[in-house]
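Trainee: Got a structure for you, written out below as structure tokens; questions coming shortly.
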Amino acid sequence: MLNILSGGLQTSIQDGGRSGWMRYGVAPGGAADPVAMAMANQLVGNTPAAACLEVTLVGPKIQFEEELCLAVCGARFDLSLNNMPIGNDTGIQVHPGDTLDFGALRSGARAYLAISADIGVPSVFGSQATQLQVGLGGFRNRALQAGDRIPLCNLRAPVTRQLPLEFRLNYRGRPLLRVIEGAEATYFTAQDRERFASTTYEVSPQSNRMGIRLEATPFDTSELPQMTSSGLCPGTIQVPPSGQPIVSFVEAQTIGGYPRIGHVIEADQHLLGQLKPRDCINFTPVTLDIAHQLLREKHALLAQVPARLDKEIHPTTR
């Protein structure tokens, strides 16, 4: 078991999400930053999309009942094990009775805690991920709370490794997200499209795992035509009547009726998961061919991680 002593702001079980269900109205869900999740999982010997804990803004306090290896990747927290500081991006051996505490958040928004065991919660539509907005999957269909006991199975021998420096994720600064043209981009004037690519947007506190709401000088939507609702997927940028763009996120509805001005390319979508309220972002347009090339390059980079980790094994320590 994992004993949840405090749940943090929003800690949930997430994995690679629900593939193939959008045509039935089920959002893919899963980790908001799948790259960080993959790094944490591979450090402890799991498959990249295995279920782990997604920690948002304020972290939990967790007690362990078994000897395991853990790793935390993604957002940087001040981590401690039994009140002693430990590092991010590193496999750490834990023993029965050990307590992990997430302290102050230093950068990013979401961290991923992976452990060398399988999380024993049911699979729903092929995934253990928690869809928080609709109450589906995970542990009792919700975020974790103090007093929860999360079952584990298939415990594996701890092997502690360190993530090489070139693979460590850094979320400092203002991200520049690359976008391709949206399906209704031509509904907007050339001036509006240029302004979209040159405006600095601020993330609204009203954002969540369904959508990231952005704030800046609004678009004039009075001349935009009405449209029939059509398909959405994570990364789609819609402009509602308010004129303030909304980026569809991992738990977004699967159809929408607002004009789509752009789409965050898949290679950059994991950065959306690290945005906090009042963070600033910018967009820059790229072609579809470039978007495909960037995705291939990211997959190639991630494919190098397992071999590099094998060279970073170090003695297990308490």
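The values are calculated or read from the model by the stated rules, or taken from the named source; none is laboratory data. Everything quoted here is computed from the prediction, not taken from an experiment. With ideal geometry, Cβ positions are generated from the backbone for all residues, glycine too; neighbour counts draw on all protein chains shown. What goes into the accessible areas is simple: the full protein's heavy atoms, side chains included, and nothing from ligands, DNA or RNA. Shrake-Rupley method; radii C 1.70, N 1.55, O 1.52, S 1.80 Å.
Trainee: So Glu166 clears everything in (1) over 25 Å from the mean Cα position of the chain (by Cα); (2) of a type in the set (Asp, Glu); (3) farther than 22 Å from Gly257 by Cα except one condition, right? Which one?
Mentor: The number of the failed condition is (1).
Trainee: Going through Thr47, Thr56, Thr90 one at a time, which residue ends up being at pLDDT 95 or above, of a type in the set (Ser, Thr, Tyr) and out of contact with any Phe, Trp or Tyr (no Cβ under 9 Å at 6 or more places or on another chain)?
Mentor: Thr56
Trainee: Can I ask one more? Can you name the number of the only condition in (1) closer than 30 Å to Ile290 by Cβ; (2) open to solvent by 80 Å² or more (accessible area, probe 1.4 Å); (3) touching a residue at least 12 places away in the same chain (Cβ under 8 Å); (4) out of contact with any His (no Cβ under 9 Å at 6 or more places or on another chain) that Gln191 fails?
Mentor: With respect to (1) closer than 30 Å to Ile290 by Cβ; (2) open to solvent by 80 Å² or more (accessible area, probe 1.4 Å); (3) touching a residue at least 12 places away in the same chain (Cβ under 8 Å); (4) out of contact with any His (no Cβ under 9 Å at 6 or more places or on another chain), Gln191 is out only on (3).
Trainee: If you don't mind, another one. Give just the number: which of (1) free of Cβ contacts under 8 Å to residues at least 40 places away in the same chain; (2) within 30 Å of Leu9 (Cβ to Cβ); (3) in contact with a strand residue (DSSP E or B) (Cβ under 8 Å, 6 or more places away or on another chain) does Gly257 not satisfy?
Mentor: With (1) free of Cβ contacts under 8 Å to residues at least 40 places away in the same chain; (2) within 30 Å of Leu9 (Cβ to Cβ); (3) in contact with a strand residue (DSSP E or B) (Cβ under 8 Å, 6 or more places away or on another chain) applied to Gly257, the lone miss is (2).
Trainee: Does the stretch 249-264 hold any residues that are over 21 Å from Ala75 (Cα atoms) and of a type outside the set (Phe, Trp, Tyr), and which are they?
Mentor: Scanning the stretch 249-264 gives Ala252, Gln253, Thr254, Ile255, Gly256, Gly257, Pro259, Arg260, Ile261, Gly262, His263.
Trainee: Go through the residues of the stretch 3-26 one by one and say whether even a single one is surrounded by 24 or more Cβ atoms within 10 Å (Cβ to Cβ) and aliphatic (A, V, I, L, M).
Mentor: No, every residue in the stretch 3-26 fails to be surrounded by 24 or more Cβ atoms within 10 Å (Cβ to Cβ) and aliphatic (A, V, I, L, M).
Trainee: Would you please list the contacts, defined by Cβ atoms under 7 Å and residues six or more apart or on different chains, that run from a residue in the stretch 200-223 that is free of Cβ contacts under 8 Å to residues at least 40 places away in the same chain to a residue that is open to solvent by 60 Å² or more (accessible area, probe 1.4 Å) and polar (S, T, N, Q)?
Mentor: Arg213/Gln206; Pro218/Ser242
Trainee: Identify all residues within the stretch 275-291 that are in contact with a strand residue (DSSP E or B) (Cβ under 9 Å, 6 or more places away or on another chain) and either surrounded by 22 or more Cβ atoms within 10 Å (Cβ to Cβ) or acidic (Asp, Glu) (or both); write none if there are none.
Mentor: Of everything in the stretch 275-291, those that are in contact with a strand residue (DSSP E or B) (Cβ under 9 Å, 6 or more places away or on another chain) and either surrounded by 22 or more Cβ atoms within 10 Å (Cβ to Cβ) or acidic (Asp, Glu) (or both) turn out to be Leu275, Asp279, Phe283.
Trainee: Please give the strands (runs of 3 or more DSSP E) falling wholly within the stretch 214-271 in which 2 or more residues are surrounded by 17 or more Cβ atoms within 10 Å (Cβ to Cβ) and either touching a helix residue (DSSP H, G or I) at 6+ places or on another chain (Cβ under 8 Å) or basic (Lys, Arg) (or both). Before you say what the answer is, go through the steps one by one.
Mentor: Details: elements: 236-238, 246-248, 260-264.
The qualifying strands (runs of 3 or more DSSP E) are 260-264.
Trainee: Are there strands (runs of 3 or more DSSP E) fully within the stretch 66-178 with at least 2 residues that are open to solvent by less than 40 Å² (accessible area, probe 1.4 Å) and in contact (Cβ under 8 Å) with a residue 60 or more places away in the chain? List them. Before the answer, list the steps.
Mentor: Numbers: elements: 68-81, 84-86, 92-94, 99-115.
By residue number, 68-81, 92-94, 99-115.
Trainee: Please state which one of Ala183, Ala197 is touching a residue at least 24 places away in the same chain (Cβ under 8 Å), open to solvent by 10 Å² or more (accessible area, probe 1.4 Å), touching a Lys or Arg at 6+ places or on another chain (Cβ under 7 Å) and of a type outside the set (Phe, Trp, Tyr).
Mentor: So the residue among Ala183, Ala197 that is touching a residue at least 24 places away in the same chain (Cβ under 8 Å), open to solvent by 10 Å² or more (accessible area, probe 1.4 Å), touching a Lys or Arg at 6+ places or on another chain (Cβ under 7 Å) and of a type outside the set (Phe, Trp, Tyr) is Ala183.
Trainee: Continuing with the same structure: Select from the stretch 39-54 the residues that are within 12 Å of the chain's Cα centre (by Cα) and either surrounded by fewer than 24 Cβ atoms within 10 Å (Cβ to Cβ) or part of a loop (DSSP other than H, G, I, E, B) (or both) and list them in ascending order.
Mentor: If the condition is that a residue be within 12 Å of the chain's Cα centre (by Cα) and either surrounded by fewer than 24 Cβ atoms within 10 Å (Cβ to Cβ) or part of a loop (DSSP other than H, G, I, E, B) (or both), then Ala49 is the only one that fits.
Trainee: Still on this structure: Got at least one residue in the stretch 14-22 being outside any loop (DSSP other than H, G, I, E, B) and in contact (Cβ under 8 Å) with a residue 40 or more places away in the chain?
Mentor: Of all residues in the stretch 14-22, those outside any loop (DSSP other than H, G, I, E, B) come to 14, 22.
If we keep only those that are in contact (Cβ under 8 Å) with a residue 40 or more places away in the chain as well, we get 14, 22.
Among the residues of the stretch 14-22, at least one is outside any loop (DSSP other than H, G, I, E, B) and in contact (Cβ under 8 Å) with a residue 40 or more places away in the chain, which makes the answer yes.
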